[in-house]
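In what follows, a structure is listed as structure tokens, so that the remarks can point back to it.
Throughout, read-outs are computed from the coordinates displayed, never taken from laboratory work. On a predicted model such as this, the values are computed, not experimentally measured, just so you know. In this analysis, Cβ positions are derived from the backbone assuming ideal geometry, glycine residues included, and neighbour counts consider all displayed protein chains.
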Amino acid sequence: MKVPYTIAKRYGFTEKQAEALGLTRDVPRVWLAYRGPRKAQFLASMLALIVKGALPEEGQRNWSAAVSQEDLASGSGLASRSTVTRRLVQLYGQDRQQAAPAIDGKAAAAGERDRDSAGGGAILIRRRRFAQPNAYGFGDIARAADSRADCWRAPSSTALAAHPRTGHLWDPDAAGEGARSGKSYKPIPKWFWDSRLPLSDTARLVLTYYAFCGILKYGVVHPRQSTVANALGISIRSVYNANRELAAAGIIRVAHPKLERRPDGSVCRGPARIIYLPLRSVSEEEAAAERERLLEAQKRLHDLRYWQQVNQAHSELLEAWKLQEGTLQSFWKALRQRLIEGGVPRAMVSQLIPRPPD
């Protein structure tokens, strides 16, 4: 997988970067079951750590990615590393290595209270390394997972809710871990949390939630804004603003449903359709395949009179089509109309261009 062509071109990804950031990380959906304080900040921190590689993805055996807090901040759309530090402090327990022995008693007590209020120690631990970024790992919640597994498996929401210390922070009946689809995780592309995208951490959260809903596979999802807000611990207005950010970035388009009138005369509106634009654009790979397809179709023809006209129209339209919304089927329809209007015989057009399905 690669970063979609339209996104890579718009934000200056090189070919190598597009390949690296197009890779995905299998992110457990169980973290949506968190119902403790500052849920949105918790989710943003966890997702950034997993996607960046500082924490393991579902099924990963080992992890040792060195990720600086500056990288976490820029990839989350935050202004500074100090914001990341403040968020992660809420999730730390006592550092199990290199713990500072000379800590003021009052400060230590305050730190314990902060950790208890947000479940610190049960969520993350860190290992400080000299002149290197911190190493991160899961704290007591790791004990809720199957310790016999040879790779990391996220615990279920039921197991998290049964934790004796922080079970109150988790919803045992959360549907966010994939009860409906049968999968407890979803592949999240790395570019969702890359610093080149001018997105806030809230917009990245909302985009990731749409990926949890299946937008990368189906190209469209239609969750209500209230559903997204409840799942992420943000306001409905924040979901609306995040959708505007994502639309301005060329990632989604919000198709508002038509108003419907109930039998009693009242008016209602269903959930908006969230359309993933990269799946509705001709990618570089599709464009290359389309050029090869036309060459093969031309080899089967013996009439050379219109080849130059066909090739020029095909090249111009294909280059323009890569920069706008539209599928390959729509491209063929537009090319067919352009060639016929240019005087190319319909019989030749039918042989060169697949007919879009009705």
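For a Förster distance of 45 Å, can you work out the FRET efficiency between the beta-carbons of S330 and W63, rounded to the nearest 0.05?
The calculated FRET efficiency here is 0.60.
What trypsin sites (Lys or Arg not before Pro) in the range 35-75 are in a loop by DSSP, with at most 12 other Cβ atoms within 10 Å of the Cβ?
Working: sites: R35, R38, K39, K52, R61; in loops: R35, R38, R61.
Loop-located and lightly packed - R61.
If we sort 10-17, 299-306, 230-237, 206-213 on the protection proxy, mean other Cβ atoms within 10 Å, highest first, what's the order?
Details: 10-17: 13.4, 299-306: 10.2, 230-237: 16.9, 206-213: 23.6.
Highest-to-lowest ranking by the protection proxy: 206-213, 230-237, 10-17, 299-306.
Compute the separation of the alpha-carbon centres of the range 209-243 and the range 24-76 and state it in Å as a whole number.
19
Percent of alpha carbon pairs in the range 198-280 separated by more than 17 Å? Provide the component values of the computation, followed by the final result.
On the way: 1552 of 3403 pairs.
Across the range 198-280, Cα pairs with separations above 17 Å total 46 percent.
Calculated FRET efficiency, Q312 and M1, Cβ-Cβ r, R0 45 Å, to nearest 0.05? Could the numbers behind the result be given before it?
Values: r = 32 Å, r/R0 = 0.72.
The computed FRET efficiency comes out at 0.90.
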